[in-house]
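So the structure is just underneath, and the comments pick up after that.
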Amino acid sequence: MKRYIALAIALLMLVVPAVLAKDLGNRDTFRVGEASFISESEFTVPVSISHDEALAAMDIPLTYSKGVTLLSVSFENTTVANFDVKIANLDPQNNRVSIGLVDMVNAPKEDAFLKPSASGVNNIAVLHFRLDDVNLQTLEISTFTSEFPAHELMFVYNEVVDGVPHVRDLAPEFSGGSVSLSSRAPNAALPTDFALSQNVPNPFNPTTDISFALPKDSKVSLEIYNVLGQHVKTLVDDYMRAGQQTVSWDGTDVTGRTVASGVYFYKLNANEFSQTKKMMMLK
């Protein structure tokens, strides 16, 4: 894999001196699609391209809004699934990801390079995000350029002129950088009231699940106390999306030590709602 990466980088570095002086226009486009929620807090965003010539490689540096975490980039079931090199370098601290794609590296292919599709659109990747800020309504995705390492949004082509192979590049038009997050998981019916359920199992050893219902996005705290009213552990202290939520407790206190057998209380505070229930730890 290291050899593949080195060859991919070498290919992209050779692009600039070998570029042909040719006006390619704006016929090639890179775009992001609509968000599809797969749970209350996770969603995917497809990325696709439109082009009218066979592509040899792509450099796709993207930056995105704060309030989300990019969990992964998938190339499965896309038109680049058979590319020799598919790189996605995630940089969560700077809300960036650099995607590098090279079709043919180590051996000739029968059908080398990515051809334009009949529909005019090729899906090339799927971005998998987690929503951290429940108040975020729109995810902004855009491109960036950098010098060290060198990155810019670029499509790379191979062509033969008078029997001589050339490499040329194109900065495609960027489209669809604002992604609405107003939709939720399909068919996910929201609760009508706040509610705290009995933990399961109860009694328990060593773990138990605590479920609660949020009819709207809320600031939530979920605390564990012993029979003396002493604080044992905080399980949740954050904003959470509306819906059915479940949190596990592994029977440990704030220091990570397993608590003694006995009765414990868990207290939920969500907006103006507050409720406490009892549970039992048995060893």
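The values are calculated or read from the model by the stated rules, or taken from the named source; none is laboratory data. Since the model is a prediction, treat every value here as computed from it, not as a measurement. As a convention, Cβ positions derive from the backbone with ideal geometry for all residues, glycine included, and neighbour counts pool all protein chains shown.
Considering each residue of the stretch 225-283, count those that are in a loop (DSSP other than H, G, I, E, B) and surrounded by fewer than 15 Cβ atoms within 10 Å (Cβ to Cβ), and give that number.
Count: 15.
Here's the yes/no breakdown for (1) outside the structural domain of Phe30 (by TED's automatic domain parsing); (2) modelled with pLDDT of 90 or more; (3) in contact with a Cys (Cβ under 8 Å, 6 or more places away or on another chain); (4) of a type in the set (Ser, Thr, Tyr):
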{"site": "Ser48", "(1), (2), (3), (4)": "no, no, no, yes"}
{"site": "Pro61", "(1), (2), (3), (4)": "no, yes, no, no"}
{"site": "Ser72", "(1), (2), (3), (4)": "no, yes, no, yes"}
{"site": "Leu101", "(1), (2), (3), (4)": "no, no, no, no"}
{"site": "Lys109", "(1), (2), (3), (4)": "no, no, no, no"}
{"site": "Lys115", "(1), (2), (3), (4)": "no, no, no, no"}
{"site": "Ser119", "(1), (2), (3), (4)": "no, no, no, yes"}
{"site": "Asp132", "(1), (2), (3), (4)": "no, no, no, no"}
{"site": "Leu136", "(1), (2), (3), (4)": "no, no, no, no"}
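So how many residues does the stretch 60-106 have that are part of a strand (DSSP E or B) and more than 21 Å from His128 (Cβ to Cβ)?
Here the count works out to 1.
Which residues, taken from the stretch 137-159, are part of a strand (DSSP E or B) and out of contact with any Ser or Thr (no Cβ under 8 Å at 6 or more places or on another chain)? Don't jump to the end; show me each part of the working.
Within the stretch 137-159, the first condition is being part of a strand (DSSP E or B), and the residues that meet it are 138-143, 146-147, 150-151, 154-159.
The answer is Ser146, Glu147, Ala150, Met154, Phe155, Val156, Tyr157, Asn158, Glu159.
Restricting the search to the stretch 74-103, which residues are among the β-branched types (Val, Ile, Thr) and within 25 Å of Asn158 (Cβ to Cβ)?
Of everything in the stretch 74-103, those that are among the β-branched types (Val, Ile, Thr) and within 25 Å of Asn158 (Cβ to Cβ) turn out to be Thr78, Thr79, Val80, Val85, Ile87, Ile99, Val102.
Just name the residue that is nearest to the chain's Cα centre (by Cα) out of those in the stretch 50-59 that are of a type outside the set (S, T, N, Q) and at pLDDT below 90.
My answer is Met58.
Residues being assigned to a strand (DSSP E or B) and either farther than 14 Å from Gly262 by Cα or outside the structural domain of Gln244 (by TED's automatic domain parsing) (or both): count how many of those fall in the stretch 192-207.
Residues meeting the conditions: 3.
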